[in-house]
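The structure under discussion appears below in the form of structure tokens.
Derivation of every value follows stated rules applied to the coordinates shown; laboratory data play no part. These figures come from a predicted structure and were not determined experimentally. Counting neighbours? That spans all protein chains shown, and the Cβs are built from the backbone with ideal geometry, glycine included.
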Amino acid sequence: MERQKVKNCIDSGGNFCPCNLAYSNDCIRCNMLNNNNCCDCVWQGVCILNTLNHNKLYKPNERKQYLCKIVENKEIEKDVYLMKINIPNELSKDLYRPGSYVMLKSKEKNSDIFNTPISVMDIENDILEVVIRSVGPKTKAIVKSSELYVKGPYFNGIFGLENINKAFNEKCMLILSGLSQVNAIKVVKKLIDNNRVDVFINSDGILIDEVTNKIKDLGANIYYFDINDLEVIRGHIKENNIGLVYCASNLAVSKIIRDIVDSIDDTIKLSISNNNLICCGEGMCGACGIEINGEIVKTCKSQIDSRIFLDAKFK
């Protein structure tokens, strides 16, 4: 494997590393722990193999599940609900990160098959804010509950997180469409102090006032555009020398935005929301797997270059 193509695991070196994948020799990051006896991760932090050898007599540290009360639940559009959930501080302190998400399930549903991955919209004083569309048995049960099981934290809701985390004195453009817009608040919070942030919101889709108002309060510039006329996007990137584009939308729109960006300058940094199917969030079930260069990649934990992800083969 070429060094520049090594995948990064979002949990590498964190509280949940080594995880069950390392114990089963399926580690995403460490080739010594995935049946490839070659140490080439170029990792500058804690060695996963060494940590596992020290901890092999113990079970891996796993994410906790908490029973939490819903403090607000309102329908903001047909079958779309804004929910505010009181969560423990030990969980909320990790959910400020861009790309964070949780697993939710109704108090009445004991089985983990009801766990539903939901992006974190915002965290304020240990109040978790999420937006949920009620479409099936899992989400229908969630929006009817007064208490929920909240499991987390999970972190891989965005591809290209490094671009966002390292941005400094950059001209940044966020393009938001659909429910994926909810994770833009934490992205703006991360960028706004050291960068110029322009946010474009699709006026032809769902508009969430709570998202727009929070972004305005943070000091970002907000514009509206029609998803059927993307010349305004192309023009803004060209005229303003945009260095970082973050697209929060479905796969089809993200591909269109990628093509527009690359037609202008393919060195512009590109980050996108991870809207791929996620079930367990731990890389165990295989539901999130996509094929890249003949290899199945677990997108619930693997940080992947946005452009490579958009060219992958999906199930």
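Observations, loosely collected:
- Counting DSSP beta bridges with both ends in the chain, the antiparallel % (nearest 5): 65 percent
- Cα gyration tensor shape for region 28-160, rounded if a/c is under 1.5, else prolate or oblate: prolate
- Sorted fewest first by neighbouring Cβ atoms within 10 angstrom, L230, L191 come out as L230, L191.
- Separation between Cα centres of region 199-226 and region 38-111, rounded to whole Å: 27 Å
- Extending 7 Å from Cα along the Cβ direction at K64 and again at K144 yields two label points whose distance is 3.1 nm.
- Taking 12 Å as the cut-off, no amide N atom of region 160-182 comes nearer than this to a point 7 Å along the Cα-to-beta-carbon line of K238.
- A Förster distance of 45 Å, applied to the separation of the beta-carbon atoms of Y96 and N20, puts the FRET efficiency at 0.95.
- Among 231-241, 76-86, the order from most to least packed when residues are scored by Cβ within 10 Å on average: 76-86, 231-241
- If you plug the beta carbon distance of E291 and D229 into 1/(1 + (r/R0)^6) with R0 = 45 Å, you get a FRET efficiency near 0.85.
- In the distance distribution for the chain, Cα-Cα pairs more than 33 Å apart total 26 percent.
- Basic side chains Lys and Arg get +1 at the Cβ, acidic Asp and Glu get -1 at the Cβ, and with that the dipole of region 187-238 about its Cα centre reaches some 320 debye.
- When the C-alpha to C-alpha distance is required to be over 23 Å, the pairs from K255/K298; K74/K189; K151/K313 that qualify are K74/K189; K151/K313.
- 16 Å Cα-Cα reach of K171 towards aspartates and glutamates, excluding residues that sit fewer than 8 places from it in its own chain: E162, D193, D198, E239, D265, D266
- Length gained on full extension, N110 to N213: 33.4 nm, using 0.36 nm per residue less the C-alpha separation.
- Rounded to whole numbers, the Karplus 3J(HN,Hα) couplings from phi for region 158-164 are 9, 9, x, 4, 4, 4, 6 Hz, using 6.51 cos²θ - 1.76 cosθ + 1.60 with θ = phi - 60°, and x at Gly and Pro.
- Options V150, Y81, V120, ranked by Cα towards positive dipole end of the chain, top entry (Cβ charges): V150
- Inter-site label distance for F168 and D204 at 7 Å from Cα along Cβ, in nm: 4.0 nm
- Eligible aspartates and glutamates near K59 by straight Cα distance, threshold 17 Å, same-chain separation 8 or greater: D11, D26, E282
- Stokes-Einstein translational diffusion, region 158-275 - Kirkwood Rh over all Cα pairs, 1.002 mPa s, 20 °C, in µm²/s: 155 µm²/s
- In the structure shown, the pairs K109/K138; K109/K144; K140/K186; K93/K186 are assessed against 18 Å; a Cα-Cα span above that value is assigned to K140/K186.
- In angstrom, the C-alpha Rg and Dmax of region 90-132 are 11.1, 30.
- Only Lys, Arg (+1) and Asp, Glu (-1) charged, at Cβ; region 151-240 dipole about Cα centre in debye: 440 debye
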